[in-house]
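Reviewing the structure listed below.
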């Protein structure tokens, strides 16, 4: 069952997110990622993802996200991390980065 994963990163600014996103997504859509959204929240960021499985998500975090965050000296993990089973997702075509 696909999962909706939400997390807040108060120490990642929107501009830093754009840089880290480029690094983490450099090889295209990661295996198992269905959707990814990010918004500004109190100077940091909030992420909402849909993944095919917890294993896909964890492999991406360990293999791509953590190394990129370490390159940018970001300490600490996400706050308010939640994983819930997806009931429904309606998607309409939009692709792009608003910042940078």
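The values are calculated or read from the model by the stated rules, or taken from the named source; none is laboratory data. Because the structure is predicted, anything quoted here is derived from the model rather than measured. Neighbour counts run over all protein chains shown; Cβ positions are idealised from the backbone, glycine included.
If the condition is being in contact (Cβ under 8 Å) with a residue 40 or more places away in the chain and farther than 20 Å from residue 8 by Cβ, then region 37-66 contributes 52, 53.
On the basis of being more than 14 Å from residue 5 (Cβ to Cβ), touching a helix residue (DSSP H, G or I) at 6+ places or on another chain (Cβ under 8 Å) and surrounded by 13 or more Cβ atoms within 10 Å (Cβ to Cβ), does residue 19 make the cut? No; evaluated as a whole, the condition is false for this residue.
Go through region 35-53 residue by residue and tally those that are under 16 Å from residue 83 (Cβ atoms) and within 13 Å of the chain's Cα centre (by Cα). Counting residues in region 35-53 that are under 16 Å from residue 83 (Cβ atoms) and within 13 Å of the chain's Cα centre (by Cα) gives 9.
Within the set 98, 74, the sole residue that is in contact with a helix residue (DSSP H, G or I) (Cβ under 8 Å, 6 or more places away or on another chain) and at pLDDT below 90 turns out to be 74. Test residue 33 against the criterion of being surrounded by 15 or more Cβ atoms within 10 Å (Cβ to Cβ) and at pLDDT below 90, and give yes or no. Against the criterion (surrounded by 15 or more Cβ atoms within 10 Å (Cβ to Cβ) and at pLDDT below 90), residue 33 does not qualify.
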